[in-house]
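So the structure is just underneath, and the comments pick up after that.
The values are calculated or read from the model by the stated rules, or taken from the named source; none is laboratory data. From a predicted model like this one, the values you see are computed outputs, not experimental measurements. A quick note on method: Cβ atoms are made from the backbone with ideal geometry, for glycine too, and the neighbour counts reach across all protein chains shown. Note: areas computed on protein heavy atoms with side chains; ligands, DNA, RNA excluded. Shrake-Rupley method; radii C 1.70, N 1.55, O 1.52, S 1.80 Å.
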Amino acid sequence: MEVVVVILAGVLGMSLGIWGGFKLGERVRDERPWRFWALNGGTVIVSLVALLLAGFSQQLWIWSGVMATFAGMLTGLKYGYGKSVGLWRVHDRLMHVDKTMRD
């Protein structure tokens, strides 16, 4: 039964993270790029603190939910921002894909 709870926490965390990250990414879409990167940095810091606190609870389902939320937030931020960023920008330029995303 514990495995089911861990999986459900992961799915719920991922869903909430993607939704929240997408909404935040949309908000900074027309802003300067440093705001996008600041949100990414803030997400990493908050997530690391949350993972540390979740580790103290010794409940695997809490840790799984927090980790999935972290991954979902980073994914949602990228897609909500709507631009090719970071290493993907280099990749997209080399492969000549997603020209609308790059420019």
Point to revise | Residues being among the acidic types (D, E) and assigned to a helix (DSSP H, G or I) - total across the range 12-59 | key: 1
Practice item. Could you please find all residues in the range 28-40 being closer than 17 Å to L87 by Cα and either open to solvent by less than 30 Å² (accessible area, probe 1.4 Å) or touching a Ser or Thr at 6+ places or on another chain (Cβ under 7 Å) (or both)? Key: F36, N40
Review point. List the pairs whose first member sits in the range 77-88 and is closer than 12 Å to V28 by Cβ, whose second member is among the hydrophobic types (A, V, I, L, M, F, W, C) and assigned to a loop (DSSP other than H, G, I, E, B), and whose Cβ atoms are under 7 Å apart, counting only residues at least 6 apart or on separate chains?
Key: K78/V85; Y81/V28
Point to revise | Among (1) open to solvent by 80 Å² or more (accessible area, probe 1.4 Å); (2) within 9 Å of the chain's Cα centre (by Cα) - the single one F56 does not satisfy | key: (2)
